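The values are calculated or read from the model by the stated rules, or taken from the named source; none is laboratory data. Keep in mind it's a predicted model, so treat the numbers as computed, not measured. FYI the Cβ positions are ideal-geometry reconstructions off the backbone, even for glycines, and counts take in every protein chain you see. Ligands, DNA and RNA are excluded from the accessible area calculation, which covers all protein heavy atoms including side chains. Shrake-Rupley method; radii C 1.70, N 1.55, O 1.52, S 1.80 Å.
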Amino acid sequence: MNAIKEEDVRSPREGLAKSRAKSSHLDEVVRAYYRRDSSVYAKNLLFAAFDKSHLQEQIVEVQHLESRLQSYVHLGNRMWMFREETTPQGMWQQVCLLSKISMEFQNSSDWGTLILKKLEDDVKESAGDTIRELRYADNHMPWTARGLEMERLFIAHHAEVAEQTEGIPEWVKPHSSRTAANVQDALEEVRSVKKKVSDREGLDEERTKELKAILKKICLNPGKNQPFWPGSSVWRAFSVGMADLWVAEDYKAILYFYRQCAEARKTLEIDQANDAIFGWSVRMSKLIGPHLYKFKGDSDTVLETTYRMQELTTSVIPHFCQRLNSLQNVVSGQLNRVEGFHNAVLTSMGAFMVGAW
C-alpha cells in the first residue's frame, strides 16, 4: 500500500500558510541591499554613501508604512471581533481595508510604491488567482485578466439595466429631457415615498407596490444568467449583497449603485489600465460607497473566498509588517556604514590638515 503523503491531506489554506511563512516578496527588496548587480537601489548605493539623507528618508518611510499597516490590521481585527451595525461584514471588511490602503498611499514615493507593490504580490500569492467554491469550480480573482473581464461584464450589465426603459410603466415620470422613464427614474419614484424632502408628488400605495415588483424583476432575475455569477466569487458576493438591499427595500442604496455603475462604465477601461495598488478594491468600493456596510457577507457561495480574504488581516499583512521591520534594520545598517564612511573621511582630512600645518 502506498504511503499517504502530507500534501494529500493538507488543506489548501494550510499549504498557503506554510509557503507564506517561508518568504515574502519584500525579501527581494531586502536582498537588493546585499547585491551589486540588478537592483537599482544596489546600483545607487555608492551615491547614497554621499547622501545620508536618502537613507534616512527611506527609514522614516518604512517606519511610517509599518505603523499604518499595523493600524489597519488592528482595525480589521476589531471589525471581526466586535460586530457593529455600521461596519462591513465578511469579505467586505478586507475589501474596505485594501481600498483604504490604496487611497492613503496613492501618492507615495517610488520607494514606498515599490514596497506596497510587494505587499500586493503577497496578497495575490496568498489568495491565489482562482478559488474553488462549493457550487462553482473556477472563481477568478479580481486582479487576474479573467477577473478584470468579469468586472467589465458586471458593470456593463448593471449600467445597461440602469438605462433600461422597457417594462417601465408610462406613468413614471422621466428625469431630464428623456422621453421615456428608465430604471433610475423608477427607483427615484419608489425612493421618494420614503424621502423626507422630495420634489415629486409620490405614488399611491397600489402603484408603488406594482412598481417595486417590476423593478425587482428587471434588476434581479437576469443576474444569475450572466457570466460573472459563476465566474467570480467577489462579484457574486456583490450581487448577493445587492439582493439583500432589495429585500430591505433600501432604494437609496440601490439607486446609488446603479448611478455609480452608469458612471463607472465611462472610465472603467482607463481605471483598469492605471493599475493602481489594490485598485480593484477601490473600484469595487466606489460602486456602493457608504452603503458597503449593509452587505451581510454571509453567503455560503463565497465561503472559501471569505476565508482567503480573512487571512489578509490575520496572517499576510502582519507577516509583511515583520518583514518591514527586517528591511528597516538592513537600511539602518547601510546608514551606519555611510556614517562610518563619513567619519573616516573627516578623520583622514583632519589628520592631513594637521600634518600639513
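Numbers for the structure displayed
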{"read-out": "Matching residues in the stretch 166-187 - criterion: being closer than 18 Å to Glu206 by Cα and part of a loop (DSSP other than H, G, I, E, B)", "value": "Gly167, Ile168, Pro169, Glu170, Trp171, Val172, Lys173"}
{"read-out": "Among (1) in contact with a Lys or Arg (Cβ under 8 Å, 6 or more places away or on another chain); (2) of a type outside the set (A, V, I, L, M); (3) crowded, with 19+ Cβ neighbours inside 10 Å, the one test that Pro230 misses", "value": "(3)"}
{"read-out": "Unmet criterion (only one of (1) modelled with pLDDT of 90 or more; (2) of a type in the set (Val, Ile, Thr); (3) assigned to a loop (DSSP other than H, G, I, E, B)) for Val234", "value": "(3)"}
{"read-out": "Matching residues, the stretch 47-88, being surrounded by 11 or more Cβ atoms within 10 Å (Cβ to Cβ), out of contact with any Phe, Trp or Tyr (no Cβ under 9 Å at 6 or more places or on another chain), of a type in the set (A, V, I, L, M) and at pLDDT below 85", "value": "Leu55, Met79"}
{"read-out": "Candidate set from the stretch 150-165 (those that are open to solvent by 40 Å² or more (accessible area, probe 1.4 Å) and in a helix (DSSP H, G or I)); member that is modelled with the lowest pLDDT", "value": "Glu163"}
{"read-out": "Residue count for the stretch 122-149, restricted to those that are in contact (Cβ under 8 Å) with a residue 12 or more places away in the chain, open to solvent by 50 Å² or more (accessible area, probe 1.4 Å) and either in a helix (DSSP H, G or I) or on the phi > 0 side of the Ramachandran plot (or both)", "value": "3"}
{"read-out": "Residue identified as buried (at least 17 other Cβ atoms within 10 Å of the Cβ), more than 17 Å from the chain's Cα centre (by Cα) and among the charged types (D, E, K, R) among Glu189, Glu249, Glu206", "value": "Glu189"}
{"read-out": "Residue check for Lys224: over 28 Å from Leu116 (Cα atoms) and surrounded by fewer than 16 Cβ atoms within 10 Å (Cβ to Cβ)", "value": "yes"}
{"read-out": "Residue match in the stretch 91-103 (condition: farther than 20 Å from Lys286 by Cα and open to solvent by less than 50 Å² (accessible area, probe 1.4 Å))", "value": "no"}
